[in-house]
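Trainee: Please read through the structure below; I'll follow up with questions.
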Amino acid sequence: MALLAAAIFAVAQAPPPQPGGPPPEHEKNPKPTNLKVLPRNLTGDQVHDIMHGWAGALGVHCDKCHAEDPGKIDANGHPRLNFAADTKPEKAQARIMYKMTENINKSYLPKIAAVAGANEEQPKPVNCGTCHRGHLKPEQYVPPREEHHDH
């Protein structure tokens with residue numbers, strides 16, 4: 001069961017490309033060129049959707065991990081981003097964190113599920129939002145103080 005959950009999570013994190021040939025004509029985003037942890041056969045729109053999800057889970061915008069492309073301005077007068085560049089350390093951190101969540105989902109959740117048994121609730125896959133919950137730096141969880149009552 002946990003393997004199925006991990007597989008479903010992996011698909012949600014990195015959806016498979018459309019089979020057969022070039023991307024459809026309606027693709028809005030160019031084919032990515034510097035994928036190091038995501039599957040290289042993803043379309044530009046698929047990578048865009050994944051990145052948008054990550055940005056939302058961390059409460060950031062694209063420029064947190066992606067550097068400006070010097071001298072290139074978009075139609076609205078904003079600097080364009082060089083999505084392939086590896087100049088910002090945040091991009092390297094994101095890759096490490098992605099590998100970590102994949103490792104948890106593929107290596108650890110199946111072990112937890114095996115120990116838990118069929119009658120217990122199976123562990124749910126983790127993703128960026130599991131810890132970050134819309135914050136760049138996850139907020140530390142502080143358990144509530146236990147109240148002890150004497151009877």
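The values are calculated or read from the model by the stated rules, or taken from the named source; none is laboratory data. The shown structure was predicted, so the numbers you read here are calculated from the model rather than taken from an experiment. All Cβ positions, glycine included, derive from the backbone under ideal geometry; neighbour counts span all protein chains shown.
Trainee: Please determine, by comparing only the residues of region 1-54 that are among the small types (Gly, Ala, Ser) and over 25 Å from Leu109 (Cβ atoms), which one is modelled with the lowest pLDDT.
Mentor: Gly20
Trainee: Looking only at region 125-139, how many residues end up being acidic (Asp, Glu) and closer than 15 Å to Glu90 by Cβ?
Mentor: Residues in region 125-139 being acidic (Asp, Glu) and closer than 15 Å to Glu90 by Cβ: 0 in total.
Trainee: Oh, and also: What number of residues within region 127-151 satisfy the criterion of being surrounded by 13 or more Cβ atoms within 10 Å (Cβ to Cβ), free of Cβ contacts under 8 Å to residues at least 60 places away in the same chain and of a type in the set (S, T, N, Q)?
Mentor: 1
Trainee: Yes or no: Glu68 on the phi < 0 side of the Ramachandran plot, loosely packed, with under 11 Cβ neighbours inside 10 Å and either among the charged types (D, E, K, R) or not in a helix (DSSP H, G or I) (or both)?
Mentor: No; evaluated as a whole, the condition is false for this residue.
Trainee: Only one of (1) assigned to a helix (DSSP H, G or I); (2) under 17 Å from the mean Cα position of the chain (by Cα); (3) closer than 28 Å to Glu139 by Cβ fails for Lys111. Which number is that?
Mentor: Unmet condition: (2).
Trainee: Could you grab me the full set of residues in region 96-110 that are touching a residue at least 60 places away in the same chain (Cβ under 8 Å) and either loosely packed, with under 12 Cβ neighbours inside 10 Å or over 23 Å from Met51 (Cβ atoms) (or both)?
Mentor: Leu109, Pro110
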